[in-house]
Amino acid sequence: LWLSFCRRGKSDSSMWLRPEEVLLKNALKLWVTEKSNDYFVLQRRRGYGEDSGGLTGLLVGTLDTVLDSTAKVAPFRILHQTPDSQVYWSVACGASLEEISQHWDWLQQNIIRTLSVFDSGEDITSFVQGKIRGLIAEEGKSAGDEEDPERFREAVLRFERLFGLPQREKLVTYFSCSYWRGRVPNQGWIYLSTNFLCFYSYMLGNEVKLMYPWDEVSRLERTSSVLLAESIRVCVRGEDHYFSMLLRLQQTYLIMQQLAEYAIVRFFDKETFNAEHPLANPLHIMALEIHARNQSFRSFFRLPQEENLCEVHESFLWVPFSHVNTLGKICVSENYLCFASQDGSQCHLIIPLWEVRILLIFLQATKNVMVKTSALEKKQFGILSDLLPSSAESVGQQEAPSTTSLKERMKEQSWQIHFAEYGRGTGMFCTKKTRDLIVRGVPETLRGELWMLFSGAVHDMTSHPGYYGRLLEECMGSSSLACDEIERDLHRSLPEHPAFQSDTGISALRRVLTAYAHRNPKIGYCQAMNILTSVLLLYAKEEEAFWLLVAVCERMLPDYFNRRIIGALVDQAVFEELIREHLTQLTEHMTDLSFFSSVSLSWFLTLFISVLPIESAVNVVDCFFYDGIKAILQLGLAVLDYNMDNLLCCHDDAEAVTVLNRFFDSVTNKDSPLPATVQQASATANDKSIQKVDISDLIKESYEKYGNIRTEEVENMRKRNKLYVIQTLEDTTKQNVLRVVAQDVKFSAAQLDELYMLFKRQHFVSCYWSVCSPALQNHDPSLPYLDQYQLDQSQFSSLFNLLQPWTTHTHVRSLARSAFRLLDANGDGLVNFKEFICGLDILYNRSFTEKLKFLFKLHIQPGKFICNRHFAHGNIYSDLLSFLTIEIQFSLIKETVSTVFQVQFIGLTKTLYGVFHGTEEEESLYRAVARVTSLLLRMEEVGRKLQESSLQKTPQTTPTSTPQPETSPTLPTSPENETLAEGEGDQPESPASPQETAPSHSDITPTSTSRPSTPTSSPTGTSSPMLDTPTDTPSSPSAVRDGDWSFSFEQILASLLNEPSVVRFFERAIDTDSLIAHACKNQLKVAHFK
């Protein structure tokens, strides 16, 4: 193997200049105009170029040295001219016409058409100056990041100051660009951070500030138009944003694409990054570039996940079979040397370094490298038999027939010739001829070997010896949901094939699927994996089938086999895009191409195995392992093209489905060597009226018509459509949730939409600055729509405090904590959107009674919703008759909510004071609450006296016993059940000591509270003498004593209804839109993350 390395390079001394005024009138004799337009002039210094010789050149050179300092920069320059003005501005210079022409062309393509939108010359000049200064700063940034980190630190500080994000949000890079608002560009800077796309511009008093999370981006693509030469389009929540005039547009686009992809992986796929991932600590943009380059390298050559690209060099490869040098790039990783051509020969090569036996380097003049491997050395001496190992035994290997078909022997002979000429195994040259042989069909005896080679599974198996055996030992005897699903589908996998009609084939299939489910629990087992694995077992050993399955699920068809089959949906979106591009006639006939997505889903998930007979489907699998998903897309286009006329005549989807099913039934494989008992002949196989289609001809046609589709193009379309597919699924989830919730609340559709986005973003906010955030586990796409996003108590508190309609500064935390406990209906520590929005709807849109009841419930001991107030006083009745008498006596009081005791009532009063704080009627509302409190205490006192007198008259029916100290009943409680009053800072968290007791009834009497003083303090709620209760009063039910008092909700409601100011306050309409807008603006502020 001969490699000749090439070195290319050129100097570039042209540069952008900080705009400075130039009076052109005094410089006409020293400069000659080469090119000009309405806004720019390209000039050459006299004495350079065509008239550089003679006296003129000498004179100008002397004048330059003595008089004109500008000549020391460069002999060529570009000036920006202000219309109808003698003042020009220098914007660029260069040492040669070729160099300065690059700047001129960039101005022509990116600036000229933009300037026409401005009305005045001053606006034009201001825009050009700002753009040039941005380009200069960007060039300096890219050239000096390593040497001058101070510049980047300044950008980080500016980024934090402009957008108010915490320091944990890492800035990745920033670029100068223009953002288009309508037809007017706004020159500024685009900032790309780990979780946000931000832009800031301030020109002519007009400020533009944008900040969008990557997880809300649905489209990201490069576009061009008449007005914009080339720009980046970003679509967020249905709104398009265009960024143009980027000096390094492709680099910017790739970085944006990577960051959006990472957001999807983290937030929607719940994947976490290890400490070595570039986003774990993005100190420099190079980390992202290296990470992306390693991914592309492994994907193209289908190498193990552990391989990283070390070196890339442009070189020539000496191809012995054609005796020519092929231009391409040589890529070296830790364990492999790879080559890919760039001259259209479609030649690529992979050499494991452990197979290298001789390495000769010639450095004198040719810079050549000769590599000899053991296989190539044997080939050199013509020992062909050493290159032909025995075929691998497989589950489906049938006893060979006595005579092999002629075409099958011809295929085998063609491949043997190919091996002799191009090599065999991992060091084989892959060229156009290799693809031609694949299209014709792989011989049955070589299929397993070639699948392993082309898929890269051979590299995985080689680098992980014994791995499959260890997996089987680990998962032996284990039981899981995946194992149950596997057992259910085992006998549905090619049941008509003899290989799976015995325990041998079924057991092998079970082991492979179980081992993979154990290896990758994120996927586990999904339907269609059994069909694919059964076909793999027909032509490969059991361990080889396992590694083939790994290659398909984790490398060739990423994200296919999961709950949401995102990968398949992405490829269907790519398929639709290709239909629009290549089958325009069909596109015009069918306005909605989503039909083809639903029909083609099984094509992609099973590689056509589910719709074609097995003898035909394996030919499709051959092409898939060589060309990847590109082969499936090509074949799908060929199928639609073949049935174009029939599809155009269809009037509905059902007719189109019938046409396609009839077509697949007509596909045969005339060259298949499989016996008749194995072939899956369709019901129409013997129907001579139906025209048969040979699979080889269909595949050949797909390559002839659509073979120009490049793999790189498909991968770019995949990345571009993945964002759209993810957001479409999210939109579907949102619409289903809102449709269910809208029936129970009074928010408008637009308000519900905004609140849902706030709720969803709150889930992600806690994940933004933690690479391995446990909050990611609260998102499970497999759950019902309502439970896919849920908030824990910390997340809920932050959002609730932003949206609650009252400024309760005094005990915000305890109010949110109690609301979370109340709304968490199932007690799982999580609140879904419906629970959250129903609670918010009470506070925003419901009546005074419902709002008061909500606040009342916040102060009730958890689990006590049937408590009778007389038991709270310690009156235990052992006599059943007395118990029933009291129950009948109070049966008219239907308590739908519990009563509140002394401490909880004080907490409720404080909450009301906090709610009223800062309002216009604060003083009157305070007085109203004080009057109600005094009235309730008087009622309680009267009730106590009546109860005591009635009890004294009631004869004791219980036997006389030894007097026991009077104690309060102990009610069940839990440590986390805190009342609202406990949440304040002045409340101790530990239980009260034995010496500390609740105030006795005599401490709080109607006399002491009948004349409440005017509240004068802030909303601590302690301004009234009635509320001067010791703050260390225990709140647990076990601490409730005989002297404590309690009130029912009906009593409190009836009392407050007599206070018009309180009723008016709670019945007042709330400006929902303003509160939602405030929450959207402040959700990401640093204060809400503490």
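The values are calculated or read from the model by the stated rules, or taken from the named source; none is laboratory data. Note that the structure is a prediction, hence the values are computed from the model and not measured. Backbone-built Cβ (ideal geometry, glycine too); neighbour counts: all protein chains shown. Surface accessibility is based on the protein's heavy atoms, side chains included, excluding ligands, DNA and RNA. Shrake-Rupley method; radii C 1.70, N 1.55, O 1.52, S 1.80 Å.
Using protein chains only and a probe of 1.4 angstrom, how many square angstrom of LEU605 are accessible, to the nearest 10?
Surface accessible to solvent at LEU605 totals approximately 30 Å².
Project the alpha carbons of the stretch 493-636 onto their principal axes and report the range along each, largest first, in whole Å.
Principal-axis extents of the Cα atoms in the stretch 493-636, largest first: 52, 32, 24 Å.
Can you give me the Cα centroid spacing of the stretch 684-750 and the stretch 540-584 in angstrom?
Taking the Cα centre of the stretch 540-584 as reference, the centre of the stretch 684-750 is 11 Å away.
May I ask for the net charge around LEU509, where only other residues with Cβ less than 10 Å from the Cβ of LEU509 are counted and Lys, Arg are +1 while Asp, Glu are -1? Walk me through the numbers before you get to the answer.
Values: positive: ARG510, ARG511; negative: ASP489, GLU542.
Residues close to LEU509 contribute a combined charge of 0.
Using amide H atoms built 1.01 Å from N in the peptide plane, name the residues 5+ places from TYR336, or on other chains, whose amide H lies under 5 Å from its own.
Sorted by chain and number, the residues that satisfy this are LEU353.
With point charges of +1 on the Cβ of Lys and Arg and -1 on the Cβ of Asp and Glu, referenced to the Cα centre of the stretch 166-272, which listed residue (GLN251, SER178, SER218) lies farthest in the positive direction of the dipole?
SER178
Please report the accessible area of GLU449 (heavy atoms, 1.4 Å probe, ligands and nucleic acids excluded) in Å², nearest 10.
Its heavy atoms expose roughly 70 Å² to the probe.
From the phi angles alone, apply the Karplus equation (6.51, -1.76, 1.60; θ = phi - 60°) to the stretch 590-600 and give each ³J(HN,Hα) in whole Hz, x where the residue is Gly or Pro.
Along the stretch 590-600, the couplings run 10, 5, 10, 8, 5, 4, 5, 5, 5, 6, 8 Hz.
Counting other Cβ atoms within 10 Å, which chymotrypsin sites (Phe, Trp or Tyr not before Pro) in the stretch 510-560 have at most 10 and lie in a DSSP loop? List each step's numbers first, then the result.
Details: sites: TYR516, TYR525, TYR539, PHE546, TRP547, TYR560; in loops: TYR525, TYR560.
For chymotrypsin sites (Phe, Trp or Tyr not before Pro) across the stretch 510-560 that sit outside H, G, I, E and B with at most 10 neighbouring Cβ atoms in 10 Å, the list is empty.
At 1.4 Å probe size, put ARG580, ARG77, ARG813, ARG222 in order of accessible surface, largest to smallest.
Values: ARG580 125, ARG77 20, ARG813 190, ARG222 90 Å².
If we order ARG580, ARG77, ARG813, ARG222 from most to least accessible, we get ARG813, ARG580, ARG222, ARG77.
Of LYS630/LYS670; LYS630/LYS719; LYS170/LYS719; LYS541/LYS630; LYS853/LYS945, which ones are farther than 21 Å apart at the Cα?
On the way: LYS630/LYS670 25 Å; LYS630/LYS719 14 Å; LYS170/LYS719 24 Å; LYS541/LYS630 27 Å; LYS853/LYS945 28 Å.
Pairs exceeding 21 Å: LYS630/LYS670; LYS170/LYS719; LYS541/LYS630; LYS853/LYS945.
Ranked from the most accessible area to the least, with a 1.4 Å probe and all protein chains present, what is the order of SER36, SER463?
Details: SER36 80, SER463 55 Å².
Per-residue accessible area, sorted high to low, gives SER36, SER463.
Using DSSP to define loop residues, name the trypsin sites (Lys or Arg not before Pro) in the stretch 453-552 whose beta-carbon has at most 13 other beta-carbon atoms within 10 Å. Write down the numbers at each step before the final one.
Values: sites: ARG470, ARG488, ARG492, ARG510, ARG511, ARG519, LYS522, LYS541; in loops: LYS522, LYS541.
Filter output for the stretch 453-552: LYS522.
Hey, if we sort LEU583, LEU946 by accessible area with the 1.4 Å probe, largest down, what's the order? Kindly include the intermediate steps, with their values, before the conclusion.
Working: LEU583 5, LEU946 115 Å².
Greatest to least solvent exposure: LEU946, LEU583.
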